[in-house]
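Chemist: Before anything else, here's the structure in question.
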Amino acid sequence: MLKGTFLILCALAGICRASWKIGVLFQTDDWTNFSITDSYDLPGTCDLEYTRYNLNGSDPVIVGQTVYNISAEDILGLIAFTSYSLTPVVREVANVLNTPLINVVQGHCPKINEGILLSAIPNCHIQNSLFTDIALYMRWRRVNIIYDFTGEVCIQDFVNRFSVHNISSKAVFLRDGIEINLSLVTGQRWLKEVIYVTTDKHTALEIVSEAMTLGMFNNSYFWVLNLDLHDLWDRALYKPVHNGYVLVVTTHRKHNRTQIIDNLLYEALLIFHRGLNLTKETCHSNESASLASALLQYLNSVDSVNSSLSKDGHFRGTSELRVYSTVRNSRTPLQEVGVYTPGNGLLVSDKSLYRNVFKGFDNRTLRVVSVVGEPFQMRVEEGNGSFHFYGFTYDLLDEFSKEFNFRYQFLDSVDGLYGNPTEDGKNATGMVGMVMRGEADIAVGGITITVERKAVVDFLYPYQEEGIGIIMRKVDDEAGKMFRVFSPLGSYSWLASGVAVLVAGVVLSLIAKLSPFDEIKESVLRSFWLAFSTFLHQGEENTPKSASGRIVLGIWWIFTIIVMSLYTANLAAFLTVSLAKAPVKNLEQLSSQTVYKPLVKDGTNLYALFQNAEGGLYKKIWDMMADMPKITESEEGYKMILKGKYAYLTDESEVKYKAMLDCKHLEVAKETFHKAELSFVIRKDAEFKEAFNNHMLKMVEGGIVDKYRSKWWPKYKCDISSPATELTFESTSGIFIVYSGFILISVTCCLIELLLIQGRKHTRNKVQSPQDVKEIALVMVDC
């Protein structure tokens, strides 16, 4: 009991009533056991003493009865330290009994719309402002907010703040009795999720417990929790939480839990004391009912509803927030990283909020392993056993080295393979095994992301997605190039055209003989020559005079125009564009032919894909590889397809690159198969994984990957859609040969005719008459 000098004198004079008693209620479920100051030195002339009461449990009926019993005692007012859920119960009982009441809760309570409410943490508007500053500092564009009714009144404030800064949000409201389900904030692949929890303490700890069970305290989530450090410190949740990216927002560090409660109690007593001194009835009144009524009227008129700040400045600790971050491998897993005040905003120490986030290597040398695979990575011998790699993937690696300040040394794969896990999953071959065992830090190349490999190593965000291509030796079309002038029409088309000429000649001859309007009766041979000359667009003097003959000839003209136009249009393409065709177009054709045998590089994901196939097309291809030679380098595969009948199967980008370098001999199948993602390999749970993932994502979205891809894969291609080439003599020599053949046949026929005529004259033993000379001259002219 506090007794000032004035009160002692007042008591000796007999003019002062005994000090007034204030009941202080503590809900034991929300406010753990602690010691409080026995008395406080309050200014003024009125003497107050307080008595502590405990509210056991959270049953509203029991709590209400306890408050009723306490209020029935000889007390002037109540100060209740309760949870947000019991605050309305306590206030309702106090209102019924007209007992002055000041509530103190763990957080902001929107259910109280009148009276004085003090909070152990800042109101939600201050928290919103801090979280907005954190989001801007981290450059987040999307956040998830988990809140309950304690933050419901301020959710619109969140939306307004975020909309100003173009930050999208997904708010998840937790109603009373609804089970927490963190699947509501499931994220996207390769992207981080930001989860901000603004709930009461119990719900926040349940969320933390659920997240721990789901393994969400890892590198895939950023967390911001509104909790007191002590709420995590004494729990099993604390250790798992510090492995993730977590910020804990709490009140000023200089106020520990006992100090905060002391300050809040002093704040409440000071408000009561000020009210007693300002009422019309003095604190010396013997009428407790009238004094309580005046005090209640004063409390309801105080303009400090839902405020956690003292008007006289005695308690300002909760207006200043401290930000703590989880830190791995530290003696103190939570370290202070920033402070927030309403006037100055968020001040971050050491330019870093999340201390678990990787920043760089400080010029450290990393071990990088690769195998040759053009143009992804190509090897150059430098002499004295040294070498280096270069290519598309190393252009990407250079971007990482600039961003994260590291150098690298080159390593060869131990067995020249990309590698796959062993059956027991305890080891792996090739580059995958070297990274798994810690012999290399990064495996660089066009490495396919598979479930089996992800079981032993991690992959970065994929830099591209592509299928498997098929490359083989190009079909040699030189043999048919000489007679390509006849290629616009197929053999059946040529045969049908010849039959059409014969039929047209016969029909014209019949019409000429049967029609009474044709004066000249054409022979079949002469009608044939009429149809043939028309087919070649040559003129003929003797044409049918009858209507029927002219109709047949007109239809024949239309037919010949169409056929010759089609031949002329196709002839240009066939003479100037390469006619080479891929021997096989896809994997199905490869499996159904016997000329080409599939060839796959040993130790690759594709090799394992065919090897493990139990049926279907892949099993059929594997059976065709029974006598396939073992190759461990891509260059061996390309040598094999140039020498023999092999079709090499590997990454689409690689086969296109090789075909581009050797358009004359190599051909790529039109269709690909087994689409997969390519990326770099790093060890499991590497500290730089998320930083590298984010940087790779930025390079993909920012066009840097496309820039390097266009460098190694130029726009031009080597395929049948290439521009027309120069028309060479080889492409037209066939028509000259055919024409020369017909000339020789014609000359031979003429010579035979001359010999026949000459022989006939000699048999007669007569001198040649003028008529004989004329016949010989006509034959010579025909020849």
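Chemist: Positive end of the dipole of segment 600-722, charges at C-beta (+1 Lys, Arg; -1 Asp, Glu), about the Cα centre: which of GLY637, ASN693, ALA669 has its Cα farthest in that direction?
Modeler: Of the options given, the answer is ALA669.
Chemist: At 37 °C and 0.692 mPa s, what whole-number value in µm²/s does Stokes-Einstein give for the translational diffusion of segment 326-451, with Rh from the Kirkwood sum over Cα pairs?
Modeler: Rounded, D is 187 µm²/s.
Chemist: So what is the orientation-averaged projected area of segment 599-650, using the convex hull of its C-alpha atoms, in nm²?
Modeler: Computed as one quarter of the Cα hull surface, the answer is 3.4 nm².
Chemist: Please report, in whole Å, how far the alpha carbons of segment 382-461 spread along each principal axis, starting with the longest.
Modeler: 38, 32, 20
Chemist: If you wrap a convex hull around the Cα atoms of segment 604-700, how much volume per residue is inside, in Å³?
Modeler: 157 Å³
Chemist: What number comes out for the charge environment of SER168, summing +1 per Lys or Arg and -1 per Asp or Glu over other residues with Cβ under 10 Å away?
Modeler: Numbers: positive: ARG141, ARG142, LYS170; negative: none.
Around SER168, the charge tally is +3.
Chemist: When N is the residue count of segment 347-414, what does its C-alpha Rg come to as a fraction of 2.2 N^0.38 Å?
Modeler: It is 1.46.
Each value in this text was obtained by applying a stated rule to the coordinates, not by laboratory testing. Everything numeric here is computed off the predicted structure, so don't read it as measured data. Backbone-built Cβ (ideal geometry, glycine too); neighbour counts: all protein chains shown.
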